[in-house]
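S.K.: Sharing a structure, written as structure tokens. Questions coming.
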Amino acid sequence: MECCNEASALTVEDAQEKIVDTIQCKKSTEVVQLDNAGNRYLAEDIFAPFDTPFFNNSAMDGFGFIHNDFQHHNEFKEVGESLAGHPFMGSIKSGECIRIMTGAMVPEGIDTVVMREKVSVQDQRIQVHTIPQLGQNIRLKGEDIKEGQVVLEKNKKINAADIAIMATLGVTEVTVYQPVTVAVFSTGDEIISTDELQGSGLIYDSNKPMLIHLLKEYGFNVLDLGIIPDDKDAIESAINKAEKADAIVTSGGVSVGDADFTTEVLSEKGDINFWKLAIKPGKPFAFGLVGATPFFGLPGNPVSALLTCQILAIPGLLKLSGCAAIYPQWLTATLTTPLKKHPGRTDFQRGIYSINDQGRLSVASSGPQGSALLMSVCKANCLIRLPKDSGDVEKGSHVEVLPFSFIPGL
């Protein structure tokens, strides 16, 4: 067990690396229908069984020509039409053309399509105003996808575009990893659920409902084990139940307080590291294995719990789920308000970003940044990441921001 003195404080990056290196992808898979595959994680590569497009087709409503004819003709005779789903089955000679609709098959011999607006039509005589380029307005067979190509890689989270690709290729079912189940509970004698009457010295639990929502937004199943008092036997019983899940996420009880029995139970039951992190908010954090089950012990303050869950627990849970992409994309913005910071810890402050008419991002603080102040998150639409060794940041500086729109659940 790593002790909690300042010299052993881990950077965010080191903690992320240790977590992801420890966790292995869950191997259990199942086959689901394509309609039910959204937000699941692929357990196999998806290969294209044929070219897409499957045949040359028109990108425009217009007329199809033999390009070489433009050297000899400026007027053409319309001899048929090709409609989507109803191709032209004949052939054309020099000086002839066909009417063709968007998506319709381009018949053999035709190599150029001119859009309707660029020709004059009188009876069945077609006059072209400007000689087009060879191949204009034709989508070629295999232009998008080649037969045998890997179109979706194993471990990818399936989104709407992926569903469209697989439907285009005639895929009806897909092999995915089974959903990860995360056991969640809060600890503390002072914590009560919202259906209880508030009394002196008691507070409503915001962490568990917050974490359950965040975890569900990522597609995880949740096993809600409730609120556990500061009692060793009760905590041990909860950990025993939680081991039935694929992972465990708790809040509170991972510091070095006299009543923090979670650390004691976990030290006896698992291989757990109790870290002091070089991160703000969220210094106390526990991670390790209870048996083979990953355990994430989050701080008790709600902003700290939310942040460490998102920054540290979620990447590990995504790897457990079979996800290839682990970390979200941070952007650069110009700071419009100064920020206070002491060197020594990576600081994740809550901010409000906006985009100006030139498409540039700017960001301001969302207000007081205390780890128990949830309004700093509610008012915000992004996180601002300030490097570990930086101090106060002046207005006009460039900072890293992570829009909440990039994070499911926020």
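For every residue, the table says whether it meets (1) modelled with pLDDT of 85 or more; (2) farther than 14 Å from Ser186 by Cα; (3) of a type in the set (Val, Ile, Thr).
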position	(1), (2), (3)
Gly201	no, yes, no
Asp205	yes, no, no
Leu211	yes, no, no
Phe220	yes, yes, no
Gly226	yes, no, no
Asp230	yes, no, no
Asp233	yes, yes, no
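S.K.: Would you confirm, using the coordinates I've provided, whether Asp230 is under 19 Å from Gln33 (Cβ atoms) and either crowded, with 18+ Cβ neighbours inside 10 Å or polar (S, T, N, Q) (or both)? Lay out the reasoning, then the answer.
M.R.: Working: under 19 Å from Gln33 (Cβ atoms): no; either crowded, with 18+ Cβ neighbours inside 10 Å or polar (S, T, N, Q) (or both): yes.
In short, no.
S.K.: Here's a follow-up. Would a scan of region 55-65 turn up a residue that is of a type in the set (S, T, N, Q), closer than 30 Å to Thr293 by Cβ, more than 19 Å from the chain's Cα centre (by Cα) and in a loop (DSSP other than H, G, I, E, B)? Before the answer, list the steps.
M.R.: Here is the first cut: in region 55-65, the residues of a type in the set (S, T, N, Q) are 56-58.
Those still in the list that are closer than 30 Å to Thr293 by Cβ too: none.
Within region 55-65, none of the residues are of a type in the set (S, T, N, Q), closer than 30 Å to Thr293 by Cβ, more than 19 Å from the chain's Cα centre (by Cα) and in a loop (DSSP other than H, G, I, E, B).
S.K.: Would you tally the residues in region 68-86 being surrounded by 16 or more Cβ atoms within 10 Å (Cβ to Cβ) and either part of a strand (DSSP E or B) or in contact with a strand residue (DSSP E or B) (Cβ under 6 Å, 6 or more places away or on another chain) (or both)? Walk me through it before giving the result.
M.R.: Just the residues of region 68-86 that are surrounded by 16 or more Cβ atoms within 10 Å (Cβ to Cβ), to begin with: 69-70, 73, 76, 78-80, 82.
The next check asks that each one be either part of a strand (DSSP E or B) or in contact with a strand residue (DSSP E or B) (Cβ under 6 Å, 6 or more places away or on another chain) (or both); those that pass are 76, 78-80, 82.
The number of residues fulfilling the criteria is 5.
S.K.: From Asp271, Asp347, which residue is outside the structural domain of Ile23 (by TED's automatic domain parsing) and among the acidic types (Asp, Glu)? Please lay out each step first, then the result.
M.R.: On the way: Asp271 fails: outside the structural domain of Ile23 (by TED's automatic domain parsing).
Selected residue: Asp347, the only one of Asp271, Asp347 that is outside the structural domain of Ile23 (by TED's automatic domain parsing) and among the acidic types (Asp, Glu).
S.K.: When you look at Gly391, is it within 18 Å of Ser251 (Cα to Cα), touching a residue at least 24 places away in the same chain (Cβ under 8 Å) and outside the structural domain of Ile272 (by TED's automatic domain parsing), yes or no? Give the steps one after another, and end with the answer.
M.R.: On the way: within 18 Å of Ser251 (Cα to Cα): no; touching a residue at least 24 places away in the same chain (Cβ under 8 Å): yes; outside the structural domain of Ile272 (by TED's automatic domain parsing): yes.
No.
S.K.: Further question: Keeping to region 155-173, report how many residues are farther than 27 Å from His213 by Cα and either of a type in the set (Ser, Thr, Tyr) or in contact (Cβ under 8 Å) with a residue 12 or more places away in the chain (or both). Break it down into steps so the answer makes sense when it comes.
M.R.: Restricting attention to region 155-173, the residues satisfying the condition of being farther than 27 Å from His213 by Cα are 164-173.
Checking which are either of a type in the set (Ser, Thr, Tyr) or in contact (Cβ under 8 Å) with a residue 12 or more places away in the chain (or both) leaves us with 165-173.
Here the count works out to 9.
S.K.: What residue, among those in region 121-144 that are part of a strand (DSSP E or B) and over 19 Å from Thr102 (Cα atoms), is modelled with the lowest pLDDT? Break it down into steps so the answer makes sense when it comes.
M.R.: Within region 121-144, the subset part of a strand (DSSP E or B) is 121-122, 125-128, 138-139.
Add one more test, that the residue is over 19 Å from Thr102 (Cα atoms), and what stays is 122, 125, 127.
Values: Gln122: 91, Arg125: 94, Gln127: 94.
The residue in question is Gln122.
S.K.: Moving on. Go through region 114-135 and report how many residues are within 42 Å of the chain's Cα centre (by Cα) and aliphatic (A, V, I, L, M).
M.R.: Total satisfying the criteria: 3.
S.K.: Could you identify the single residue in Asn155, Asn159 that is modelled with pLDDT under 95, surrounded by fewer than 17 Cβ atoms within 10 Å (Cβ to Cβ) and among the polar types (S, T, N, Q)? Before the answer, list the steps.
M.R.: Working: Asn155 fails: surrounded by fewer than 17 Cβ atoms within 10 Å (Cβ to Cβ).
Going through Asn155, Asn159 in turn, just one is modelled with pLDDT under 95, surrounded by fewer than 17 Cβ atoms within 10 Å (Cβ to Cβ) and among the polar types (S, T, N, Q): Asn159.
S.K.: Which residue pairs have Cβ atoms under 6 Å apart, sit 6 or more places apart or on different chains, and have a first residue in region 4-24 that is in a loop (DSSP other than H, G, I, E, B) and a second that is at pLDDT 90 or above?
M.R.: Ala9/Ala278; Thr11/Ala278; Ile23/Pro294; Ile23/Gly316; Ile23/Lys319; Ile23/Leu320
S.K.: A further question on this structure: Within the set of pairs 6 or more residues apart or between chains, which connect a residue that is outside the structural domain of Thr187 (by TED's automatic domain parsing) inside region 219-240 to a residue that is modelled with pLDDT of 95 or more with Cβ atoms less than 6 Å apart?
M.R.: Close Cβ pairs (under 6 Å, with a partner that is modelled with pLDDT of 95 or more) do not exist here.
S.K.: Please report, ordered by residue number, the strands (runs of 3 or more DSSP E) entirely within region 237-317 with at least 1 residues that are in contact with a helix residue (DSSP H, G or I) (Cβ under 7 Å, 6 or more places away or on another chain), among the polar types (S, T, N, Q) and modelled with pLDDT of 90 or more. Let's see the steps before the verdict.
M.R.: Numbers: elements: 247-251, 271-276, 284-290, 293-298.
Ranges flagged: 247-251.
S.K.: I need a count of the residues in region 368-406 that are within 26 Å of the chain's Cα centre (by Cα), among the aliphatic types (A, V, I, L, M) and buried (at least 17 other Cβ atoms within 10 Å of the Cβ).
M.R.: Total meeting the criteria: 8.
S.K.: Next question, about the same structure. Restrict the check to region 220-236 and report whether at least one residue is assigned to a loop (DSSP other than H, G, I, E, B) and more than 23 Å from Ser193 (Cα to Cα).
M.R.: The answer is no; no qualifying residue exists.
The values are calculated or read from the model by the stated rules, or taken from the named source; none is laboratory data. All of these numbers come straight from a predicted model, not from anything done at the bench. Positions of Cβ are backbone-derived with ideal geometry, glycine not excepted, and every protein chain shown enters the neighbour counts.
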